[in-house]
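Chemist: Before I ask anything, let me first share the structure, which is written out below as structure tokens.
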Amino acid sequence: MSTDPHVFVVNAGSSSLKYQVINAASGRTVAIGLVSEIGGASRMRHDSIGLGGEISRHESYAPCPTHTSAFAAARAALHEHGGGVGEHVVAIGHRVVHGGRRFTQPVVVDDVVLESLRVLSPLAPLHNPANVEGIVRAQEAFPGLPHVAVFDTGFHGTLPPAAHTYAVPDAWREGHHVRRYGFHGSSYAWVTRRTAALMGRQVEDLRMVVLHLGNGASACAVDGGRSVDTSMGLSPVEGLVMGTRSGDVDPALGGYLERVAGLTASDYDRALNRESGLLGLGGVSDFRTIVERRDAGDAAATLAFDVTVHRLRKYVGAYAAVLGRLDALVFTGGIGEHSAALRAAVVDGLEVLGLALDAAANAGGPPERRVSGEQSRAEVWVVPTDEEREIARATLEVLGLPHAL
């Protein structure tokens, strides 16, 4: 039984609870769990992970009508299947989507912080309320332990005013906090440091563009470990083509559709978030299916692929100009890590930046690998993200606790 300190990392959704338990001394993930359909036909899955990476899976269908019961189920699973690890949790780290202008760094949660997070809910109405609920219920489940909020927006607190300011009325910017915030911050923080280590360079000396590509997707220009521009904005809708989100559209589109189609603001918002992106272009939100249909000659899937690639090339080129020099282009996230076809299409269109792929390396290899050719002016990497370990690292650092993350 390990007596090392552990961090319990929480990602609470409106009807789900995802968690990981991470050993602070080794950096190893020892358990991963999910309680789904909270309030309905709840399902519990808990994976215990051995020293050699072997997984012991435990599943049940015990009802969890509330997040309180979901946390109780998680604690019970950890006690029953965790080999005593649950007795050595020293801190709880919480993923919180939006920190607004106030929270640009991880913060120990108290009543004042909780109230501030509630005030920020209009900035992320689908996420922040669930995140707050998760914190409150976790405090009940783990009394006496410190709880730390780690923000998706936090990494982008270094955006300069020229990058985060929208050219909109001052009353919007000051009265309603309208600006670019950016997201996927924990992913960018982890991948930026890891890429520098893989390159054998100091992160402070590198200028890189990181592409976090999954069902949600964004790009980030990173200068010396600091975010200086990013594609998502006030919300996660702006920027790249995503699974069901549109990415960039003409700001006048909402008014036009109100006039010609009678769309309300909520209809428009729902369509851009849930009915657009790959789904709107190709009929499915799964990128693997898009690639398969494209390879079979499907015109809609080909268009969806081409629009996605065009948008990515445009952002990489723009961010290379923002940075003034490009040392590395990094692909991460489920699509970024696993789609050789996407990486090839993006990089093959960036000869103007001197980028070139090694076809064999791009086709396959270890999860972390350089995929650029020897002639490439900047290195191109595939680096898996680990947002949970980054949340654990940030939690321990805020608390001043030692770690190996």
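The values are calculated or read from the model by the stated rules, or taken from the named source; none is laboratory data. No experiment lies behind these values; they were computed from the predicted model shown. Cβ coordinates were reconstructed from backbone atoms using ideal geometry, including for glycine residues, and neighbour counts include every protein chain displayed.
Chemist: Inside region 278-290, can you point out the residues that are touching a residue at least 24 places away in the same chain (Cβ under 8 Å) and in a helix (DSSP H, G or I)?
Modeler: First pass over region 278-290, keeping only residues touching a residue at least 24 places away in the same chain (Cβ under 8 Å): 278-281, 285-288.
Selection gives 278, 279, 280, 281, 287, 288.
Chemist: Can you name every residue in region 219-234 that is of a type in the set (Gly, Ala, Ser) and either in a loop (DSSP other than H, G, I, E, B) or closer than 18 Å to residue 346 by Cα (or both)? Give the steps one after another, and end with the answer.
Modeler: Taking region 219-234 as the starting set, the residues that turn out to be of a type in the set (Gly, Ala, Ser) are 219, 221, 224-225, 227, 231, 233.
Correct list: 219, 221, 224, 225, 231, 233.
Chemist: Being of a type outside the set (Lys, Arg) and more than 17 Å from residue 380 (Cβ to Cβ) is the filter here; which residues of region 189-198 pass it?
Modeler: Of all residues in region 189-198, those of a type outside the set (Lys, Arg) come to 189-192, 195-198.
Once the filter is applied, which keeps residues that are of a type outside the set (Lys, Arg) and more than 17 Å from residue 380 (Cβ to Cβ), region 189-198 yields 189, 190.
Chemist: For residues that are hydrophobic (A, V, I, L, M, F, W, C) and more than 25 Å from residue 151 (Cα to Cα), scanning just region 73-104, find the one that is modelled with the lowest pLDDT.
Modeler: 85
Chemist: Still on this structure, please answer the following. So which residues in region 170-196 are buried (at least 18 other Cβ atoms within 10 Å of the Cβ) and small (Gly, Ala, Ser)?
Modeler: Listed by number, the residues that qualify are 182, 185, 186, 187, 189, 196.
Chemist: Then there is this: Checking residue 383 against (1) under 28 Å from residue 10 (Cα atoms); (2) at pLDDT below 95, which single condition isn't satisfied?
Modeler: Among (1) under 28 Å from residue 10 (Cα atoms); (2) at pLDDT below 95, the lone unmet condition for residue 383 is (2).
Chemist: Right, next: May I ask you to list the residues in region 237-260 that are over 19 Å from residue 161 (Cα atoms), free of Cβ contacts under 8 Å to residues at least 60 places away in the same chain and under 16 Å from the mean Cα position of the chain (by Cα)?
Modeler: Kept after step one, since they are over 19 Å from residue 161 (Cα atoms), are these residues of region 237-260: 237, 240-260.
Applying the additional criterion that residues be free of Cβ contacts under 8 Å to residues at least 60 places away in the same chain yields 237, 242-246, 249-260.
Passing the criteria: 237, 242, 243, 244, 245.
Chemist: Answer yes or no: is there a residue in region 193-216 that is within 21 Å of residue 123 (Cα to Cα) and small (Gly, Ala, Ser). Full working, then the answer.
Modeler: Pass one, region 193-216, residues within 21 Å of residue 123 (Cα to Cα): 215-216.
Narrowing the set further to residues that are small (Gly, Ala, Ser) leaves 216.
Yes: one or more hits.
Chemist: Looking at residue 264, is it farther than 30 Å from residue 197 by Cβ, at pLDDT 95 or above and among the polar types (S, T, N, Q)?
Modeler: Working: farther than 30 Å from residue 197 by Cβ: yes; at pLDDT 95 or above: yes; among the polar types (S, T, N, Q): yes.
So residue 264 passes the test.
Chemist: Looking only at region 74-93, decide whether some residue is more than 22 Å from residue 130 (Cα to Cα), surrounded by fewer than 16 Cβ atoms within 10 Å (Cβ to Cβ) and touching a strand residue (DSSP E or B) at 6+ places or on another chain (Cβ under 6 Å).
Modeler: no
Chemist: Right, here's the next one. In region 357-380, which residues are in contact (Cβ under 8 Å) with a residue 24 or more places away in the chain and of a type in the set (A, V, I, L, M, F, W, C)?
Modeler: Across region 357-380, the qualifying residues are 371, 378, 380.
Chemist: Please go through region 287-305 and give me each residue that is buried (at least 17 other Cβ atoms within 10 Å of the Cβ) and polar (S, T, N, Q), ordered by number. Full working, then the answer.
Modeler: First, the residues of region 287-305 that are buried (at least 17 other Cβ atoms within 10 Å of the Cβ): 287, 290-291, 293-294, 298, 301-302, 304-305.
The one that is buried (at least 17 other Cβ atoms within 10 Å of the Cβ) and polar (S, T, N, Q): 302.
Chemist: Does residue 293 count as basic (Lys, Arg), closer than 27 Å to residue 376 by Cα and either part of a loop (DSSP other than H, G, I, E, B) or without any contact (Cβ under 8 Å) to a residue 12 or more places away in the chain (or both)?
Modeler: It is false that residue 293 is basic (Lys, Arg), closer than 27 Å to residue 376 by Cα and either part of a loop (DSSP other than H, G, I, E, B) or without any contact (Cβ under 8 Å) to a residue 12 or more places away in the chain (or both).
Chemist: Of the numbered conditions (1) of a type in the set (Ser, Thr, Tyr); (2) in contact with a helix residue (DSSP H, G or I) (Cβ under 8 Å, 6 or more places away or on another chain); (3) without any contact (Cβ under 8 Å) to a residue 60 or more places away in the chain, residue 14 fails exactly one; give the number of that condition.
Modeler: (3)
Chemist: From the list 238, 174, which residue is under 20 Å from residue 279 (Cβ atoms) and acidic (Asp, Glu)? Break it down stepwise before answering.
Modeler: Values: 174 fails: under 20 Å from residue 279 (Cβ atoms).
Result of the check over 238, 174: 238.
Chemist: Can I ask one more? State yes or no: is residue 272 of a type in the set (A, V, I, L, M) and under 21 Å from residue 185 (Cα atoms)?
Modeler: Answer is no for this residue.
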